[in-house]
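Every number in this text was worked out from the coordinates using simple rules, so none of it is lab data. None of these values were measured; they are calculated from a predicted model. Reconstructed Cβ throughout: ideal geometry from the backbone, glycine too, with neighbour counts over all protein chains shown.
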Amino acid sequence: MEVGQSYFIWNGVDCRSMGIRTNGPAPIIRPEERVKHITIPGVSGDLTEIEGNDIYNSYIQTVTIHVKAGMHVRDVYSWLRGSGYVTFSGEPDRKQSARIVGAITLNRHSRNLDWWSGEVQFYCQPLKELLIEDPVTVALGGSIRNFGDVASRPLYKITSTAETLDIAVLGNGYSWENRMFIAGLTSGDVVWVDTASMEVWNADKTALLTKNTMGDFPMLPAGQSLIPGNGWSTVEIVKRERYL
């Protein structure tokens with residue numbers, strides 16, 4: 001593989017290992033905010049109405065590829081399909097959920113017919129995630145920073161010190177309503193709180209405890225937040241930061 005060569009990684013496979021080159025790095029795209037423009041009769045201009053905070057549209061990222069002769073075109077076709085995660089060389093530390101859409105047509109390109117060229121379209125979800133993210137341990141009442149651009153839906157691992165625990169996230173306009181209660185525990189029980197799937201599990205994830213909860217799954221707003229609560233002393237948090 002050539003140092004500094006542009007590339008993309010699709011579902012863990014680097015395009016360079018498939019004998020593929022690209023026409024330079026894919027552009028870094030900031031997604032479009034989802035808005036509605038309303039025309040009011042007799043009034044110049046439009047009224048812009050946002051659907052909600054941090055709501056963005058998906059978009060298509062098009063990459064021109066060149067496949068080296070000797071690589072089987074059918075192998076490339078079989079690889080570049082379906083859905084998964086893509087990483088582009090312009091942002092090598094991030095990934096985003098995507099699906100390959102549209103037809104992929106490879107044509108003979110070079111004079112000596114040793115390269116095939118075509119385009120691949122990735123239908124990308126608007127928010128990007130870090131490729132690698134380690135859990136952060138926070139003491140009761142401690143603080144944590146979400147370096148992402150928008151609120152995230154983290155994964156919490158909590159060891160209870162009582163029969164009931166509660167955990168909240170306070171920051172960037174969030175109130176005590178961003179708080180969850182979990183009952184029916186004994187001291188030393190480990191619970192997983194997944195705010196993305198909105199599920200609560202026991203230690204080995206063999207039993208759902210969601211029915212024993214009240215309140216809201218605590219999201220993590222962008223910026224600095226406090227993590228207060230009761231019935232626990234420390235919590236491990238995978239922040240799942242998201243970026244535009």
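Counting other Cβ atoms within 10 Å, which trypsin sites (Lys or Arg not before Pro) in region 109-192 have at most 14 and lie in a DSSP loop?
Arg111
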Between the residues Gly223, Gly90, Ile65, the Cα farthest towards the positive end of the dipole of the chain, that dipole coming from +1 and -1 charges on the beta-carbon of Lys, Arg, Asp and Glu, is from Ile65
P(r) over all Cα-Cα pairs of region 8-130, 5 Å bins from 0 to the longest distance, whole percent per bin, short to long, reads 2, 10, 18, 19, 15, 10, 8, 6, 5, 4, 2, 1, 0, 0
Relative to the compact-globule estimate 2.2 N^0.38 Å (N residues), the Cα gyration radius of the chain stands at a ratio of 1.31
The relative contact order of region 8-130, taking Cα pairs under 8 Å that sit 6 or more residues apart, comes to a percentage of 29
Only helices counted: for the chain, with every DSSP H run of 4 or more residues adding -39500 (n - 2.57) and the sum spread over all residues, [θ] at 222 nm is -500 deg cm²/dmol
Checking Asp14, Asp54, Asp46 against a Gaussian network model of the chain (alpha-carbon springs below 10 Å), the top fluctuating residue turns out to be Asp46
Within the chain, excluding any chymotrypsin sites (Phe, Trp or Tyr not before Pro) found in a DSSP loop (not H, G, I, E or B) and having at most 13 other Cβ atoms within 10 Å, the longest uninterrupted segment runs 1-146
Treating every alpha carbon of region 136-243 as one equal point scatterer without solvent, the Debye formula yields log10 I(q)/I(0) values at q = 0.10, 0.14 Å⁻¹ of -0.24, -0.47
In this structure, among Lys68/Lys95; Lys128/Lys157; Lys157/Lys239; Lys157/Lys205, pairs with alpha-carbon gaps over 18 Å are Lys68/Lys95; Lys128/Lys157
The longest stretch of the chain containing none of the GluC sites (Glu not before Pro) that sit in a DSSP loop with at most 14 other Cβ atoms within 10 Å is 52-132
